[in-house]
Amino acid sequence: MTGEEPEHLTQAARRQAQIDPLAALRAPGDPPWDVYLTGTVFLDIIFTGLESAPVRGTESWARGMGSSPGGVANMAAALARLGLRTSLAAAFGDDHYGEYCWDALEQGEGIDLSPSRTVPGWHSPVTVSMAYEGERTMVSHGHEPPPEEPAPDCPPPARAAVASLTPGRRAPWIAQAAREGTRIFADVGWDDTGAWDLSGLADLEHCEAFLPNAAEAMRYTGSDGPRAAAHALTEYVPVAVVTLGSEGAYAVDRRTGEAAEVPAIAVEALDPTGAGDVFVAGFVTGSLAGWPLADRLAFAGLTAALSVQEFGGSLSAPGWSEIGAWWRRVQSLPGQDPKALERYAFLEGLVPERLDRPWPLRRAVPTIGFGRSG
């Protein structure tokens, strides 16, 4: 590896990632961070194994429960576990929840939190997620932090940044980062205004890639299908990636004229929380590494599929050990379609034959605070 490692890239993070997907590209003078993020960190409490949605006036018991950092932490942890040097600007409450989230991200995942801050007297936002029948229902509570934005006026130099676009509102840091050469990857949430006006996503002009789901893409473009919507979006952004749920994902690169579609990997989902964030993290990783478009889509879909088999969002994200274990296992299963395996053959050059992890990745736990000394 060339160049100096950032001070905040801890020994724990190096051991956890074990593979640097950008090692061949690193050079002296590179930005200190691969990806920059900003947003809200939640404490997620996840219930799984519910027979059905909660019914009014009744009590439901869940067979499983987990707690982990959520919100923008989902994306940050997914990127860090794939070996990318990740910097996060966020506000943290000065309660036990905030302390736990800070420790889990900085010490557990090796994420740089130097642009973040702890807000005295502000409690951490909380989301309760209930997973059942492959879907989820969420209830959240929180208050806006004090008016100082968690994002610094001048974001740290980074190869890329992931932004969540808000209809009708610009985020000044996006233009600033783009002017400094940072590649911007953007997603978007549901437009509660019902306008679905692409001109309202003004920061899209600074983005390299836009990754909406099929419903969002069709509403924004007025297209009658997600693939047509992807092509229509390339009038606004060079790369459009539309996720198709159980059908996989479709992407178009206007610059090369390339289009690619990759089917989803069928898995038994425990908890879909954060799967979309993990998908974006996988796509960003492949993009920064310079992989072909279809490989980026396949890798993103694989990381998302592995994540839904664990509790929670941030701590369900796979690392290279999980990716390598899947690749070795799937090749040994009888009756595999050689054509389907061929789609993931690019992993052969990425994942060593044997990849041992000094300790397991942190996973979501039923409660927080166990094992604390003092």
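The values are calculated or read from the model by the stated rules, or taken from the named source; none is laboratory data. These numbers were taken from a predicted model, which means no experiment stands behind them. A quick note on method: Cβ atoms are made from the backbone with ideal geometry, for glycine too, and the neighbour counts reach across all protein chains shown. Ligands, DNA and RNA are excluded from the accessible area calculation, which covers all protein heavy atoms including side chains. Shrake-Rupley method; radii C 1.70, N 1.55, O 1.52, S 1.80 Å.
Of all residues in the stretch 280-339, exactly one satisfies the criterion of being basic (K, R) and touching a residue at least 40 places away in the same chain (Cβ under 8 Å), namely R296. Annotation for the stretch 19-29: at least one member residue is open to solvent by less than 10 Å² (accessible area, probe 1.4 Å) and assigned to a loop (DSSP other than H, G, I, E, B).
Mind listing whichever residues of the stretch 46-72 are open to solvent by 20 Å² or more (accessible area, probe 1.4 Å), within 25 Å of the chain's Cα centre (by Cα) and modelled with pLDDT of 90 or more? Listed by number, the residues that qualify are G71, V72.
Looking across the stretch 168-190, the residues that are farther than 19 Å from G71 by Cβ and touching a Phe, Trp or Tyr at 6+ places or on another chain (Cβ under 9 Å) come down to A177, T182. Against the definition (touching a residue at least 12 places away in the same chain (Cβ under 8 Å), in contact with a helix residue (DSSP H, G or I) (Cβ under 8 Å, 6 or more places away or on another chain) and on the phi < 0 side of the Ramachandran plot), how does P167 come out, yes or no? Yes; evaluated as a whole, the condition is true for this residue.
Count of the stretch 99-134 residues, restricted to those that are in a loop (DSSP other than H, G, I, E, B) and either in contact with a strand residue (DSSP E or B) (Cβ under 6 Å, 6 or more places away or on another chain) or not charged (D, E, K, R) (or both), is 13.
Cβ-Cβ distances below 7 Å connect the following pairs, each with a first residue in the stretch 99-110 that is crowded, with 19+ Cβ neighbours inside 10 Å, a second residue that is among the hydroxyl-bearing types (S, T, Y), and a separation of six or more residues or different chains: C101/S124; G110/T10. Here S164 qualifies as surrounded by fewer than 21 Cβ atoms within 10 Å (Cβ to Cβ), at pLDDT 90 or above and under 18 Å from the mean Cα position of the chain (by Cα).
So how many residues does the stretch 73-86 have that are more than 21 Å from Q309 (Cα to Cα) and open to solvent by less than 10 Å² (accessible area, probe 1.4 Å)? Looking only at that region, the number is 2. Apart from one condition, V242 fits all of (1) under 19 Å from the mean Cα position of the chain (by Cα); (2) free of Cβ contacts under 8 Å to residues at least 24 places away in the same chain; the exception is (2). Selection over the stretch 189-214 of residues that are open to solvent by less than 40 Å² (accessible area, probe 1.4 Å) and touching a Gly at 6+ places or on another chain (Cβ under 9 Å) gives a count of 7.
The residue list E59, E51 contains one member that is over 29 Å from H123 (Cβ atoms), out of contact with any strand residue (DSSP E or B) (no Cβ under 6 Å at 6 or more places or on another chain), part of a loop (DSSP other than H, G, I, E, B) and not small (G, A, S), which is E51. Of all positions in the stretch 181-190, at least one carries a residue that is modelled with pLDDT of 95 or more and either part of a helix (DSSP H, G or I) or of a type in the set (V, I, T) (or both).
Name the single residue that is farthest from A73 (Cα to Cα) among those in the stretch 87-98 being open to solvent by less than 60 Å² (accessible area, probe 1.4 Å) and either in a strand (DSSP E or B) or touching a Leu at 6+ places or on another chain (Cβ under 6 Å) (or both).
G93
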